[in-house]
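Structure record follows, encoded as structure tokens.
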Amino acid sequence: MTSPQDPRDLIRQHDEEAQAVEDQAVAEVVGPLEAAFTALWRWVLRTWARLFGAPKSPAEGEPLRSLLDELVARIVGIGLDPVDALLANAQRARLLGADQGAREAGLPVLPDPGEVSDETKAAIERGVRWAQQKLETGAEELQALAEADLDEVLKRASVARQASAILTRTARTTFNAELNEGIRAAAKASGARLLWVAERDACVDCLAQSGQVIDWDGEFDPARTFGTKAHVFHGLLKGPPRHPNCRCRVTPWFGHDTEGAEGITHDWAEAIREAEERGDAVGAAAARRAAAAARASAAVDLPEVLRREAERSILNGYALPSESERVRARAANRLLSLIGDGKNSRSPSGWRVPASVKKRAERALSKGTFTTRSVPTGRK
């Protein structure tokens, strides 16, 4: 259980807030397409039953050709123009990131987050173009059929439906890219550095970044990983997202210096005094909140805590279903080799690993029963 002063409390709150807005953005972008596909599938099922009867009934000739031509026309006719919605939600994410970063840094004024980056605009264009190609590919595969049952028709048509998954991934990834750009703007405005915060069940590459600190305009090392080799990252790793659908984030970090924390970005004691002399109750309250945020940020050695949590996640097998158990088992085995056999051995981050955590991982790996699992409720 963390204390009310623990900066992770505010980060978790902001993460939940961002997740809710991100889900809304995905629904806005992908919802119309999914509704169109749902209606299309229902039409196919009804039409097939009327023309051919049972789903396994083979179909060919003019009746099948007529159904396929209509299905292709309906797929091609789906209106796919989500660029404006994707750009609007990316800008919303950047503003949200600036607001959250300002609160985490204790800034009384929201920094100017700027406009959506060229990288995000290019990513949106690529995603929409790829989704459009899936619609066209699905239509082409349907046109190539000469005979089929219902399962085969739906299988070919499902290629077109992959457009929804592509747009979902594009919406989530660009949203989080811009969210972190907004946080970067707050770090720049406050004079803070940037600290990588990974989810407890993040991939082996992102967990290795958790707790790493760079200057606000610096770069993280893309070669860091708990695995055998980090996945190739093209470009400069200024921060999350590290990969599609990545939900890591950064946070402003002033260092572990409790006594000097209030003066790192501003002399808040002087700001409070001046506001009170002016009779500015709102300004004084804002300065007190900023001073408290600075103290809270420095009260916990957050980079060390995050690195420790990342190593614990590796040893406990906390992971999403998207990452294989083999990858996590190899990462756990590699980490154990770095920790060593001593009773009070320390991990690479300096954490004294509890015997129970170490033994559980060692036993599971030796028996070939190392499995991944979800992060326990309330500990993520």
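The values are calculated or read from the model by the stated rules, or taken from the named source; none is laboratory data. Bear in mind the structure is a predicted one, so any value in this text is a computation, not a measurement. Using ideal geometry, Cβ is built from the backbone for each residue, glycine included, and neighbour counts are taken over all protein chains shown.
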Next on the checklist: Yes or no: the stretch 43-51 includes at least one residue that is at pLDDT 95 or above, closer than 19 Å to residue 132 by Cα and among the hydrophobic types (A, V, I, L, M, F, W, C).
Outcome noted: no
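Might you check whether a residue that is outside any helix (DSSP H, G or I), touching a Gly at 6+ places or on another chain (Cβ under 9 Å) and either closer than 25 Å to residue 12 by Cβ or of a type in the set (S, T, N, Q) (or both) occurs anywhere in the stretch 112-127?
The answer is yes, given that some residue of the stretch 112-127 is outside any helix (DSSP H, G or I), touching a Gly at 6+ places or on another chain (Cβ under 9 Å) and either closer than 25 Å to residue 12 by Cβ or of a type in the set (S, T, N, Q) (or both).
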Item to check | Residues being of a type outside the set (Gly, Ala, Ser) and surrounded by fewer than 22 Cβ atoms within 10 Å (Cβ to Cβ) - total across the stretch 83-95 | outcome: 6
Item to check | Residue in the stretch 165-211 that is surrounded by the fewest Cβ atoms within 10 Å (Cβ to Cβ), counting only those that are over 13 Å from residue 251 (Cα atoms) and basic (Lys, Arg) | outcome: 169
Checklist outcome for this item: Going through the stretch 47-62 in order, the residues found to be in a helix (DSSP H, G or I) and loosely packed, with under 13 Cβ neighbours inside 10 Å are 50, 61, 62
Checklist outcome for this item: Here the residues within the stretch 117-145 that are surrounded by fewer than 20 Cβ atoms within 10 Å (Cβ to Cβ) and in contact with a Lys or Arg (Cβ under 6 Å, 6 or more places away or on another chain) are 141
Checklist entry - Which pairs have Cβ atoms under 6 Å, sit 6 or more apart or on different chains, and link a residue in the stretch 313-330 that is closer than 15 Å to residue 208 by Cα to one that is among the charged types (D, E, K, R)? => result 313/200; 317/328; 317/373; 318/200; 318/201; 319/201; 319/328
Item to check | Failed item in (1) in a loop (DSSP other than H, G, I, E, B); (2) in contact (Cβ under 8 Å) with a residue 12 or more places away in the chain, with residue 341 passing the rest | outcome: (2)
Checklist outcome for this item: Conditions (1) β-branched (Val, Ile, Thr); (2) within 25 Å of residue 80 (Cβ to Cβ); (3) more than 20 Å from the chain's Cα centre (by Cα) -> residue 109 fails only (2)
Next on the checklist: Filter the stretch 310-349 down to the residues that are on the phi > 0 side of the Ramachandran plot and in contact with a Lys or Arg (Cβ under 8 Å, 6 or more places away or on another chain) and list them by number.
Outcome noted: 317
Checklist entry - Going by the conditions given, is residue 221 at pLDDT 95 or above and in a helix (DSSP H, G or I)? => result no
Checklist outcome for this item: Checked against (1) closer than 30 Å to residue 195 by Cα; (2) out of contact with any strand residue (DSSP E or B) (no Cβ under 7 Å at 6 or more places or on another chain), residue 28 satisfies every condition except (1)
Checklist outcome for this item: Reported set for the stretch 176-204 where residues are in a helix (DSSP H, G or I) and either aliphatic (A, V, I, L, M) or touching a Cys at 6+ places or on another chain (Cβ under 9 Å) (or both) is 176, 177, 179, 180, 183, 185, 186, 187, 189, 204
Next on the checklist: Residue pairs, Cβ under 9 Å, 6 or more apart or interchain, first in the stretch 122-135 and in the same structural domain as residue 169 (by TED's automatic domain parsing), second modelled with pLDDT of 95 or more and exposed (fewer than 13 other Cβ atoms within 10 Å of the Cβ). List them.
Outcome noted: 131/165; 134/165
Checklist entry - So which residues in the stretch 300-333 are over 24 Å from residue 195 (Cα atoms), out of contact with any helix residue (DSSP H, G or I) (no Cβ under 8 Å at 6 or more places or on another chain) and outside any loop (DSSP other than H, G, I, E, B)? => result 325, 326, 330
